[in-house]
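Okay, so here's the structure we're looking at.
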Amino acid sequence: MKIALMDSGIGLLPAAAAVRRLRPDADLVISSDPDGMPWGPRTTQDLTERALAVAEAAAAHRPDALIVGCNTASVHALPALRALLEPGLPVIGTVPAIKPAASGGGPFTIWATPATTGSPYQRGLIEEFADGVRVTEVPCWGLAEAVEHADEAAIDAAIAAAAALTPADVTTVVLGCTHYELVAERIRAAVRQPGRPPLVLHGSAGAVAAQALRRIGELPAPEAGWNEATLTVILSGREGSLPAAALAYEEGRLLQTVTPALAARPEQ
């Protein structure tokens with residue numbers, strides 16, 4: 001079994017780690033675009049073109065499924081990706097976890113990139129799944145970029161700025177960008193108010209990993225051996241290795257430790 005994941009940068013790490021935990025025996029292909037990152041400020045046409053190129057680089061390795069481990073790419077490019085690759089290659093998008101957050105009933109906030117915050121896509125999800133629940137959309141300026149480069153000072157500053165925009169009475173935060181899942185506990189610490197119940201965080205990594213397995217008819221098998229599983233890293237179409245910044249996070253270290261890097265060639 002081979003699962004591919006794509007993103008502009010290391011935001012795909014949480015979903016890749018989730019796949020690794022569910023199926024340690026799965027080969028992984030991770031395809032990113034360091035030459036074009038970040039995708040958020042790009043036009044929809046430009047972003048879609050770059051996303052298609054990253055997806056095609058991953059598809060050349062003949063995976064069984066492709067996870068779009070990026071909220072921005074899922075918002076803007078998912079229809080084009082599916083038109084190109086399906087039905088031969090199942091494509092799984094990443095949707096902000098608004099539905100499960102709304103089911104809790106309490107006021108919640110969605111932390112997302114400025115490009116996603118207030119977008120018709122996100123507003124549509126709010127209207128569909130959170131009718132009657134107070135929702136605050138918080139644009140997180142610079143947070144994805146700070147996480148991408150593992151810039152500790154910039155991460156702290158971006159989280160503090162977003163926390164200042166977050167109402168004090170929220171019970172739940174939706175992490176509407178896959179990069180944010182890499183610093184989830186720092187977000188929790190910044191938002192939680194003294195004397196209030198523990199803050200609930202909703203990411204998407206576990207859900208998309210499970211959906212990828214369902215789409216290809218596989219079941220979780222966390223006890224499976226991983227000795228022969230492989231990791232192929234593609235950087236803007238070039239084979240390479242995990243970026244140094246990826247190893248600043250537990251999810252990146254999991255891939256580095258559990259999976260021997262393999263400079264595999266696409267199957268013919």
Diffing the range 53-64: the Karplus 3J(HN,Hα) column from phi (6.51, -1.76, 1.60, θ = phi - 60°), in whole Hz with x for Gly and Pro, holds 5, 5, 5, 5, 4, 6, 5, 4, 8, 6, x, 7
Taking 215-221, 243-249, 123-129, 7-13 and ranking on average Cβ neighbours within 10 Å, highest first, one gets 7-13, 243-249, 123-129, 215-221
Rounded to the nearest 10 degrees, the helix 71-85 long axis (Cα) sits at an angle to the longest Cα principal axis of the chain of 30
Here, Ala157 and Ala244, labelled 7 Å along Cα→Cβ, have an inter-label distance in nm of 2.1
Quick calc: nm separation of the 7 Å Cα→Cβ label points for Asp46 and His149 -> 1.8
Longest principal axis of the chain (C-alpha) makes with the long axis of helix 152-164 (C-alpha) an angle, in degrees to the nearest 10, of 40
Note: the chain at 20 °C, 1.002 mPa s; Kirkwood Rh on alpha carbon pairs; Stokes-Einstein D in µm²/s works out to 115
Taking the alpha-carbon centre of each part, the distance from the range 168-222 to the range 62-127 in Å is 14
Of the accessible area of the chain, computed with a 1.4 Å probe and all protein chains kept, carbon and sulfur make up a percent value of 54
With every protein chain kept in place and a 1.4 Å probe, the residues Lys99, Lys2 fall, from largest accessible area down, as Lys99, Lys2
Rounded to the nearest 10 degrees, the helix 205-215 long axis (Cα) sits at an angle to the longest Cα principal axis of the chain of 50
In Å, the Kirkwood estimate of hydrodynamic radius for the range 111-165 over Cα pairs equals 12.1
A chain fully extended from Ala83 to Thr171 at 0.36 nm per residue, minus the present Cα-Cα distance, gains in nm 27.8 nm
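The values are calculated or read from the model by the stated rules, or taken from the named source; none is laboratory data. It should be emphasised that the depicted structure is a prediction, and the values quoted were computed from it without experimental measurement. Cβ sites come from the backbone with ideal geometry, for glycine too, and all protein chains shown count toward neighbours. For the accessible areas, the whole protein counts, side chains as well, though only heavy atoms, and no ligand, DNA or RNA atoms are used. Shrake-Rupley method; radii C 1.70, N 1.55, O 1.52, S 1.80 Å.
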